[in-house]
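The values are calculated or read from the model by the stated rules, or taken from the named source; none is laboratory data. All of these numbers come straight from a predicted model, not from anything done at the bench. Cβ sites come from the backbone with ideal geometry, for glycine too, and all protein chains shown count toward neighbours.
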Amino acid sequence: MSSGDFPNRGPAVFAVTIATLVLTSCIVAARLFCRIRIVRSVTWDDYFIVIAWVIAFALSFAIDLGASKGLGRHDEDIPAENWNTLRRSEYAFSVLYNPALMATKTSVLIFYLRLSKNTQKVLRLASWAVLVIVNLAGAVLTLINIFQCRPVQAAFDPYPGTAYCIPLLTEFICSAPVNVVTDLAILALPLPVLTSMRLPRRQKIILIFTFALGIFVTIVDVVRIYYLEQAITQVSSTVSSNPEATFGDSSQFAWNASFSLMWSAVEVNVGIICACIPTLKPLVRRILPAMLVDPNATRTYDKDTSTDGNGSSNTGRPPTSAMLTDDQVTPPSQTHAAGSRDSQVSALDFLTTPDMSSQPLPAPDPLDRSPTALTSVTGTYSAFENSVYFGFVNMRRPKSMIRTSVRDSFKYCTVVTILFLLWGFSYGLLNQLNDAVSSVSGMSVAETIGLSSIYFGGGYLIGPLLVGEWILRHDEHSRSRRKKNGPDQIGGYRATFIVGLCFYGVGTIMFWPSAVLTSFAGFMICNFVVGFGLAIIETGANPFLVFCGPMDYAEMRLCLAQGVQAITTVLSGLLAQKIFFNPETSDNPDETETLSLLDVQWTYLAITLLCAALALFFYYMPLPEVTDAEMEHSTRYLPVDPKKRSFGGLELRTWTLTLAVLAQWTYVAGQETTSIFFHEILTHQDRVQSPPTSEYTIKKSLRPLAGLTLSVPNYLLIAHTAFAVSRFIAAYLAYLSPSHPKVPQPRTVLSITTGLSIICGVLVAALRETNPNLIAIPLILFFFFEGPMWPLIFTLGLRGQGKRTKRAAAWITMGASGPAFWPYVIYAITEQGGSIQTAFSLVPALLVVTGFFSLFLDLKRDARALVDARVGAEDQSKIQDRANRDMDLDTILAARRRASVGVMPMDEYKTGFLKRFSVALSKGSTALPGRKSSDPGTATELHEMNRDSLGSPVSPSSPGSPGSPG
């Protein structure tokens, strides 16, 4: 680290750069030897890797030359005669860095395109998309680096006149998210194909480990970002016109940026190495054949095990001698052609031989309906496939979502609840982070409100309807056009989760350059993309929890998941207060929040990596799906026909959905408006305060203000805690309501909480207490009572929607876009001279509109019967019995609709019938026992049940039938 009497990082930079370059050169030479002498075929990916190596050589040479001329030293320790060479070498590095990455990633993606030809359409489309992003972003960044100064000469030569230069370190760290996202995409893209191949265990482990080496590129990129961050904390992030500025528009650039440049070279060289390793199989087979071929001439393939959770065996289609010969396996796209000798190639040759895809593909046998070796796992299931094989285990496709047992429902709902943790964490940081951003950037009040408004009003307004609903129903769009024995369509709940996670991960990594630049536009875009991704996730996650399991406990499941989300909100708020923006952890209380924003960057980077891991997890995790036809069929078993005409000639379910969307829109508007203006409401400020200055920072605002026992953020945390507790209480009530008649129904709980929220809101607006601690009581109670409203509105609004359930879920999710407008109304009232409490009276007025939905459910008899529908534990268990499924459901339908019109008490009928039915089953009888002649409706019931047992459907519209609307 030192040379003579001064510190010098140059020798370490020189040694690491030259070592990685030598290793890269050897690997590239080995690749060319394999392609030219052994495989005897050179393709475009080989040409691009050679281009990448040439650029990497020039980049490494520029860094080593700079290290010999002063890179790694302080400015005062660099001889004057070395400055020109040093500046030119630094400029050469900045220009060559992005083209080197472009060429490397282009080579890998072209390789993926060969890999995906005739196998996976999704991989091919994704490879093209990433290829476009890599080259477009790389070209833009390269042009920025070339023209980083005006005039260009000022970037590498002393310029006597006025020159304007971009701070290079800032540009490097702002472009880091592009590298991280594309690195993760390139790492994840081939995994579905690789894990789908039936190979001997040894070959499969080697194959996947080979491709997984790309994770080292991401690790090196993160290390490089760390050193960039260390360097950027000492420089300005604004454009400079200082004619005396050294390269990179910062003093001590040679010292501060030395390790960053070194790790950039390591990133480029390691990337080339990882791109070459998968192509070295022919050379390895010649040198170390035992690594790929079992020396005992025995081959052990992965055993097919069942993990369907039901204890049943599911072995799928085992490899046969026709499919697998000596180290040969049918490629994924040619599994049906197992009898063709020409279609049998080595799995590793499939990855390394460019012309294998040109082999003729025999037409698949239309009668062959066995599952393929490569099965698409992002689409909905077909009638011909019962299992999903992804190389290591066979996982039985789950049954339909609406027929999921209690045990399976707990398993699947627990997995999906992980998504609510992400949502809660992001929401918990939102308010604290927006305040810190406004402090650092000097934003106006309107701009600060805009950060929250764009999150809800932008992301939630567009995401559910534009992308969420389309992905959720994409399989339905293409169902009629699906070719026989063709690939599964991409769509459904799992695909919605994956797409939402991708958007959310991109939004979180975009926070990195926004924090560096402290740009209002950057934060707006970041908040929009994060809200957009979370809205897509919610479009699928909320209805999944509603319908995955017994209908009786739909409200309980969603309230529990939303309660978990609320708890995570509290924890992330504590994290922001105690770690990121805690004044007691800083040695300098007056320092700006810029460093705190840089600390939050690492949290968001971790979230991005978690999103990538969860997307892969959901890709392989088989989740139950449900079709529109199944949802429409399920409405037959409701006590009232949802299509029954109501006010204005509209269907009952249309009124329910319309009022639910309106209730959600006004409720979220009131909730977020209260959160945004919580500080002003609690402290009785007549006007909304301007953003904090450097003398009044967000860190100081965490201390209690005059007259308050606790600080305002601590009071907000208590309010959010009450918010979470109320959701768990509502979940418990929803759990008790099906079996305890005295426990209020969910619609009643919604009416009570809405009414009490209005009362608390009126108290907050009306009280003029001089002690702000007393105002905190109704304010916290306001949060407590509004907690269960979102999950209850969502669940009750979806009841009876039938085939349009998925579209209805998107519309109700869109209802969260209310904060796009109403916070500005309150701000405008205060700007016109109104007090904050007068402006806050708008919030209870919004909740009055929210109450129309619960009033409709309470006062309209058919709506009340629709949302209070209960099946019961015994009936639900019979619904899951596939052998008697249709007969049981239609019998339940007859009983419940007869009970809904008052013919007989439903509980009395249900108990008597189920008791006799269980006795009949225990005796092995397929006919139902008769009823007493005194029981009403005996003849009609037996006639309907006998007809149902023969497969005749019940017509809901036929006069006098049990299926007619009540």
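A residue that is more than 20 Å from ALA58 (Cβ to Cβ), in contact with a helix residue (DSSP H, G or I) (Cβ under 6 Å, 6 or more places away or on another chain) and aromatic (Phe, Trp, Tyr) occurs nowhere in the stretch 117-132. Collect the residues in the stretch 773-819 that are over 24 Å from ILE752 (Cα atoms) and of a type in the set (Phe, Trp, Tyr), keeping them in residue-number order. TRP811, the sole residue that qualifies. Remark: pairs (first residue in the stretch 131-151, outside any loop (DSSP other than H, G, I, E, B); second residue surrounded by fewer than 15 Cβ atoms within 10 Å (Cβ to Cβ); Cβ separation under 9 Å; 6+ apart in sequence or on different chains) = ILE146/VAL152; CYS149/TYR164; ARG150/TYR164.
Counting only residues that are crowded, with 16+ Cβ neighbours inside 10 Å and either outside the structural domain of ARG88 (by TED's automatic domain parsing) or assigned to a helix (DSSP H, G or I) (or both), how many does the stretch 19-39 have?
Narrowing the stretch 19-39 to residues crowded, with 16+ Cβ neighbours inside 10 Å: 20-21, 24-25, 27-28, 30-32, 34-35, 39.
Narrowing further to those that are either outside the structural domain of ARG88 (by TED's automatic domain parsing) or assigned to a helix (DSSP H, G or I) (or both): 20-21, 24-25, 27-28, 30-32, 34-35.
Counting residues in the stretch 19-39 that are crowded, with 16+ Cβ neighbours inside 10 Å and either outside the structural domain of ARG88 (by TED's automatic domain parsing) or assigned to a helix (DSSP H, G or I) (or both) gives 11.
Condition check ((1) within 30 Å of LEU123 (Cβ to Cβ); (2) among the charged types (D, E, K, R); (3) in contact with an Asp or Glu (Cβ under 6 Å, 6 or more places away or on another chain); (4) surrounded by 18 or more Cβ atoms within 10 Å (Cβ to Cβ)) across all residues:
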{"residue": "TYR604", "(1), (2), (3), (4)": "yes, no, no, yes"}
{"residue": "LEU614", "(1), (2), (3), (4)": "yes, no, no, yes"}
{"residue": "PHE618", "(1), (2), (3), (4)": "yes, no, no, yes"}
{"residue": "PRO624", "(1), (2), (3), (4)": "yes, no, no, yes"}
{"residue": "THR635", "(1), (2), (3), (4)": "no, no, no, yes"}
{"residue": "LEU638", "(1), (2), (3), (4)": "no, no, no, yes"}
{"residue": "LYS643", "(1), (2), (3), (4)": "no, yes, yes, no"}
{"residue": "LEU650", "(1), (2), (3), (4)": "no, no, no, no"}
{"residue": "LEU657", "(1), (2), (3), (4)": "no, no, no, yes"}
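In the stretch 142-173, the residue that is nearest to ALA92 (Cα to Cα) out of those that are in contact with a Cys (Cβ under 7 Å, 6 or more places away or on another chain) and either among the hydrophobic types (A, V, I, L, M, F, W, C) or not assigned by TED's automatic domain parsing to the domain that holds PHE93 (or both) is ALA155. Within the stretch 132-151, which residues are crowded, with 20+ Cβ neighbours inside 10 Å and within 12 Å of THR182 (Cα to Cα)? Answer for the stretch 132-151, where residues must be crowded, with 20+ Cβ neighbours inside 10 Å and within 12 Å of THR182 (Cα to Cα): VAL134, GLY138.
Considering only the stretch 516-528, how many residues are farther than 20 Å from LEU610 by Cα and in contact with a helix residue (DSSP H, G or I) (Cβ under 7 Å, 6 or more places away or on another chain)? Qualifying residue count, the stretch 516-528: 8.
With the condition being surrounded by 24 or more Cβ atoms within 10 Å (Cβ to Cβ), modelled with pLDDT of 90 or more and not assigned by TED's automatic domain parsing to the domain that holds LEU465, I'd like the helices (runs of 4 or more DSSP H) fully within the stretch 795-910 carrying at least 1 qualifying residues.
Numbers: elements: 805-814, 822-831, 836-840, 842-859, 861-867, 873-879, 885-900.
Passing ranges: none, list empty.
Only residues that are touching a strand residue (DSSP E or B) at 6+ places or on another chain (Cβ under 8 Å) and not in a helix (DSSP H, G or I): list them for the stretch 622-654, please. The answer is PRO622, PRO642, LYS643, LYS644, ARG645, GLU651. Scanning the stretch 436-466 for residues being of a type in the set (A, V, I, L, M), under 18 Å from VAL661 (Cα atoms) and in contact (Cβ under 8 Å) with a residue 40 or more places away in the chain gives a total of 3. Could you tell me whether the stretch 119-128 includes any residue that is at pLDDT 85 or above and buried (at least 17 other Cβ atoms within 10 Å of the Cβ)? Yes; the residues of the stretch 119-128 include at least one that is at pLDDT 85 or above and buried (at least 17 other Cβ atoms within 10 Å of the Cβ).
So that you can scan it fast, the table gives a plain yes or no per residue for (1) surrounded by fewer than 18 Cβ atoms within 10 Å (Cβ to Cβ); (2) over 20 Å from THR182 (Cβ atoms); (3) touching a helix residue (DSSP H, G or I) at 6+ places or on another chain (Cβ under 7 Å):
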site: PHE14; (1), (2), (3): no, yes, yes
site: SER41; (1), (2), (3): yes, yes, yes
site: GLU81; (1), (2), (3): yes, yes, no
site: ALA103; (1), (2), (3): no, no, yes
site: LEU115; (1), (2), (3): no, no, yes
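Counting only residues that are touching a Pro at 6+ places or on another chain (Cβ under 9 Å) and surrounded by fewer than 16 Cβ atoms within 10 Å (Cβ to Cβ), the stretch 764-773 holds 1 of them.
On the stretch given as the stretch 659-681, residues that are over 21 Å from ALA809 (Cα atoms), of a type in the set (A, V, I, L, M) and either surrounded by fewer than 22 Cβ atoms within 10 Å (Cβ to Cβ) or touching a strand residue (DSSP E or B) at 6+ places or on another chain (Cβ under 8 Å) (or both) total 0. Out of all the residues in the stretch 156-167, is one or more part of a helix (DSSP H, G or I) and touching a residue at least 24 places away in the same chain (Cβ under 8 Å)? For the stretch 156-167, residues part of a helix (DSSP H, G or I) and touching a residue at least 24 places away in the same chain (Cβ under 8 Å): absent.
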